[in-house]
Amino acid sequence: MRQSKSVVKDNKLGPLIVRIAGLLIIALTLSIGLFLVIRGMGTFVKFHHSITEFLFSSNWAPTDSATASGGNVGAAIYIAGSLLTCGLALLIVLPFSIGAAIFMTEISAKAGKKIFQPAIEIFVGIPSVVYGWIGLTVLVPFIRDVFHAKMGGYSVLAASIVLAVMIFPTITTVSVDAIRSVPDSYRRAAYGLASTRWQVIYKIVLPASKSGIMTGIILGLSRAFGEALAVAMVIGKTRAFPKDLLSPTNNLTAAIASDMGNTASGGEHNLALWSMALLLLIISVTCIFLIHLIGARAKKNERA
Amino acid sequence: MSDTILDINKDNKEENVKLEVNNLNLFYGQFQALHNISMNIKANKITALIGPSGCGKSTFLKTLNRMNDLEENVSINGELKLDNTDIYKEMDALELRKRVGMVFQQPNPFPKTIYDNVAYGPRINGIKKKAQLDEIVERSLRQAAIWDELKDRLHKSALGLSGGQQQRLCIARTLAVEPEVVLMDEPTSALDPISTSKIEELANELKKKYTIVIVTHNMQQALRVADDTAFFLLGELIEFRDTKKLFSYPMDKRTEDYITGRFG
Amino acid sequence: MNDKRKGIQRAKRINTAMTAILYLIGGSILLLIFVLAAYIIIKGLLSYYPGILSTDRNGILNQLFNTIYLVFLSLLISVPLGVLAGIYMAEYAKENKLTRFLRICIESLSSLPSIVIGLFGYLVLILMTGANWNLMAGAITVSILSLPAITTTTEDAIRALPKSYKQASMALSATQWTSIVKVLLPAASKRIITGIILAAGRGFGEAAALLYTAGQSTRLNWSNWDLTAKTCPLNPFRPGETLSLHIWLMRTEGSLNPHSEQIANFSAMVLVIMVLLFSLTARILSNKINSKKTGLKE
């Protein structure tokens, strides 16, 4: 016969309030999701466009009136613009991020803590508008003058470089954490087998921190997809697929940022922009899902 | 009843029983950590609980002020009475902890000033007047024999004190709530010999006013400070008697093996 | 034998080359941040003209004030909510489905693009209430952005405290709530404040979330203190363009202001200095916490 313990009496109000605060966050997140889904589905439900049209057609000519329909809402140019700039940004930043992370952990941990950490904090601290402003005042004229770009330097390349700088701290910080968590015994074992430092890094440390670095990459990508104003300032906002890296195009966030306020609420154009916002939400939730997937797989591999 | 050797209960009927434990069992989930413990802890005495690590002595100590309530998955049955009132059925845990204070193995001052550490208990129990708090802080620190060392730095952080001073501060903090019983869970295991002997002297002084239960795995310490000693093994109370008798004429083979150092 | 030696030499050469490359990467990054910082500051200073620090249409003081006021308002919301939720996560949340879901919510919230949160604010606080752009809507939107960081910092700060604090407090007959309020929160306060400062710094730079909430214009009358008036600086329900939005508008919307470039340059400098001051403060604070394991100074 067991007597279950009686719980200590606690203050009633305090715990209730903190619980409500927790529930409020859930409610807030759910309502953000819900509102975006409702608004974003309008293109397909209210105006009966197909999802295929939205994703794959490049015919973007929505009517801008509260009720009239009949336009086209193919967002492929914007989607391609986002994919292209983010992909290119990732290619540009990866060697720098991973190189910096290795430098901060394996080559000079002291410089890593004392110099690089604060430097990265400055990278993080610079607001995105300021990155856009730098892109506009430095990068765009540079590309115009050096590569003789036709559209005055506003280009996929400019947008990608700006994005690369902006996601550099995210990928680097997460990679540093991942590399730091590789047990030292691995390194000692490898050095004991007469490896050079680079061999230790390349053959032991990087593979062991692979999933952490992947997490950083996805976090960085997710940030790049969502970045609006900095990209909008340098991408040129031209509704055409780019012919090359030096030509301008447009992307999801820039379109939303510049057009949302100029469209009739609830109209075809307006709702198409909301569909783009919904797409951004889906991308960012997918990224979180991927990160959890990677984490779960890494855990499983550790046990196996 | 169990087969514990408890001549103490018969020997000293005339003495005041402060804590009465009858057939106490404690479970962590399915695992039974304490088996049928019965013992009477006498007022104004020091009772030592000894035994090898994992024998249940600390677990038992925690049941005396219901600190085990904080852990998940613990269930107990049996009877535990403080001055004839059942502490699990008839008493609120907070009420109980006011009357039964606890000093922990590691000194654990709050990251506050020395003064605020000692005044913490009285304050949460509603004492707000500065004069009254001043008086309690001074009295408690004096009782813990550390007033002279600390009186000039009452408003400095408690974390700057040495380990031994911290532990005596924690004792003062416990005394400030004016408990009747003070539980000490290996209070000197983290301290140097000089601090240890100070705490032991202090315990001897404190028993005039308080009932003290001390867990120790230092048998010499039990012999030095305790009036009564209880020997625990594998969650059972094996023998509980006057300290001198227990150490000179252990009645159970297992007690003898332990105190002569054959295991533990 | 010879092959082996060749292999070793090759490995050594690669090692040297890669080390050099890594140094190059490290160096170029430091160079980049140095150049960026110098560029922002020098360009800002060179763009100074008399009148830029004024409240008329060539000055940026109104925008600067709006920025600070908006972040202040947003902290009024995000700090209590975030700290309370953090306490819940650290002390009361049981390991169950609800808690796991709450964690996912916080994580999602922290990764949502700020323009998406901005649109949510636009929809709920402007379109659905029928209000005009206003500071309060912007502040609420920014508070959603900083909420996850404040919540996690609070949770981490409380969890990082030694278990003994709570134990000792409970043994002195305190309830769990009393222990949280009187012992745990004060002990964790510096870390929590550091997190709040960082969140505030990020709030200063936010722009995308404010495009359609706080509004893209500001007209203040610094002698009007009637809180209900549209031009009263302290009225939170008036449009309030912030410094970061100002940069965006000066450089993109074909601004008619002849000083627009200089204004953008100078604003960028002010903004970056402000944000960096905040993160420097946070850094100094957190270094203090780390170096003072022995305790607090009075």
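The values are calculated or read from the model by the stated rules, or taken from the named source; none is laboratory data. Fair warning: this is a prediction, and the values are worked out from it, not measured in the lab. When we count neighbours, we look across all protein chains shown, and the Cβ atoms used for this are built from the backbone with ideal geometry, even at glycine. Note: areas computed on protein heavy atoms with side chains; ligands, DNA, RNA excluded. Shrake-Rupley method; radii C 1.70, N 1.55, O 1.52, S 1.80 Å.
Here is how the numbers come out for the structure above:
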item	result
Hits in region C:186-199 - residues which are free of Cβ contacts under 8 Å to residues at least 40 places away in the same chain and out of contact with any Phe, Trp or Tyr (no Cβ under 7 Å at 6 or more places or on another chain)	C:186, C:188, C:189
Residue count, region B:114-146 (criterion: open to solvent by less than 10 Å² (accessible area, probe 1.4 Å) and not in a helix (DSSP H, G or I))	2
Breaking point among (1) away from every other protein chain (no Cβ under 14 Å); (2) surrounded by fewer than 18 Cβ atoms within 10 Å (Cβ to Cβ); (3) free of Cβ contacts under 8 Å to residues at least 60 places away in the same chain; (4) touching a helix residue (DSSP H, G or I) at 6+ places or on another chain (Cβ under 9 Å), for residue A:26	(1)
The one condition in (1) in contact with a Phe, Trp or Tyr (Cβ under 6 Å, 6 or more places away or on another chain); (2) of a type outside the set (Gly, Ala, Ser); (3) at pLDDT 95 or above that residue A:79 fails to fulfil	(1)
Members of region B:21-36 found to be touching a strand residue (DSSP E or B) at 6+ places or on another chain (Cβ under 9 Å) and of a type in the set (A, V, I, L, M, F, W, C), listed by number	B:21, B:24, B:26, B:27, B:33, B:34
Filter pass, residue A:143 being part of a helix (DSSP H, G or I), touching an Asp or Glu at 6+ places or on another chain (Cβ under 7 Å), more than 30 Å from residue C:142 (Cα to Cα) and open to solvent by less than 10 Å² (accessible area, probe 1.4 Å)	no
Residues that are open to solvent by less than 30 Å² (accessible area, probe 1.4 Å), facing another protein chain (nearest Cβ under 7 Å) and either β-branched (Val, Ile, Thr) or assigned to a loop (DSSP other than H, G, I, E, B) (or both), drawn from region B:89-113	B:104, B:108, B:110, B:111, B:113
Test set (1) over 20 Å from residue C:265 (Cα atoms); (2) modelled with pLDDT of 95 or more; (3) open to solvent by 10 Å² or more (accessible area, probe 1.4 Å) - residue A:134 fails condition number	(1)
Residue match in region B:162-172 (condition: over 20 Å from the mean Cα position of the chain (by Cα), within 13 Å of chain C (Cβ to nearest Cβ) and either part of a strand (DSSP E or B) or under 30 Å from residue B:16 (Cα atoms) (or both))	no
Every residue from region C:231-248 that is open to solvent by 20 Å² or more (accessible area, probe 1.4 Å) and not in a loop (DSSP other than H, G, I, E, B)	none
Residues that are open to solvent by less than 20 Å² (accessible area, probe 1.4 Å) and without any contact (Cβ under 8 Å) to a residue 12 or more places away in the chain, drawn from region C:62-107	C:88, C:99, C:105
Residue in region C:200-257 that is nearest to the other protein chains (Cβ to nearest Cβ), counting only those that are of a type in the set (Val, Ile, Thr) and in contact (Cβ under 8 Å) with a residue 40 or more places away in the chain	C:247
Matching residues in region B:156-179 - criterion: being open to solvent by 50 Å² or more (accessible area, probe 1.4 Å) and either among the polar types (S, T, N, Q) or at pLDDT 95 or above (or both)	B:162
Output for region B:39-81, where each listed residue is without any contact (Cβ under 8 Å) to a residue 40 or more places away in the chain and part of a strand (DSSP E or B)	B:40
Any hit, region C:156-164, residues being outside any helix (DSSP H, G or I), away from chain A (no Cβ under 14 Å) and in contact (Cβ under 8 Å) with a residue 24 or more places away in the chain	yes
Residue that is under 21 Å from residue A:218 (Cα atoms) and either at pLDDT 95 or above or in a helix (DSSP H, G or I) (or both), where the choices are A:278, A:273	A:278
Helices (runs of 4 or more DSSP H) wholly inside region A:173-249 that include at least 1 residues being touching a Ser or Thr at 6+ places or on another chain (Cβ under 8 Å)	A:210-226, A:229-234
